[in-house]
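Here the structure is laid out as structure tokens; the discussion comes afterwards.
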Amino acid sequence: MALICERLDRLPLAIELAAARVMLLDTAHLLARLDQRLPLLASRSRDAPTRQRTLQATIEWSYELLDPNEQQLFRRMGAFRGSFSLEAAEAVCDAVLDTVESLVVKNLLRRRWGTGRLLMLDTIREYSDERLEDSPEAEAIHRRHAEFFLAVARPRT
């Protein structure tokens with residue numbers, strides 16, 4: 001169970017929705033399906049508010065509360081896997097410091113203390129990546145991402 005909680009980013013709603021699946025899936029099968037966590041984590045309960053019936057609906061509700069600049073940056077950051085620097089966000093996503101800070105304050109982006117690197121929880125990033133892939137700018141953002149990291153990896157002469 002600890003591994004499942006870890007894979008769910010220790011998000012209480014995600015854990016609650018996953019626990020409801022134990023009626024059908026044992027923990028090994030549940031864990032195996034967490035690569036596609038957003039469709040898996042849904043509740044059939046009619047008592048819960050609509051935005052809390054699925055993890056995706058909860059994240060979408062938060063996304064819809066963002067202003068257009070925040071939404072754009074949130075989408076674009078879906079290109080990153082793991083942590084990344086502010087410099088990478090600025091180069092790949094045209095990130096503006098105030099907008100990055102706003103996403104941190106709204107808990108859609110985290111800053112790793114000690115390193116200063118940024119990251120999205122995997123659950124949040126999965127949604128962000130879906131939004132990016134549905135947008136017309138996906139190809140351009142992926143290209144910028146690749147170009148940035150190729151430049152970082154090139155030996156300096």
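Values computed for the structure shown
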{"read-out": "Contour minus Cα-Cα distance for Arg156 and Glu90 (0.36 nm per residue)", "value": "21.6 nm"}
{"read-out": "Alpha carbon convex hull of segment 67-153, volume per residue in cubic angstrom", "value": "87"}
{"read-out": "Segment 57-157: chymotrypsin sites (Phe, Trp or Tyr not before Pro) in DSSP loop, at most 14 other beta carbons within 10 Å", "value": "Trp113"}
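Just so you know, all these numbers are worked out from the coordinates, no wet-lab data involved. Everything quoted here is computed from the prediction, not taken from an experiment. Neighbour counts are summed over all protein chains in view; Cβ atoms, including those assigned to glycine, are modelled from backbone coordinates with ideal geometry.
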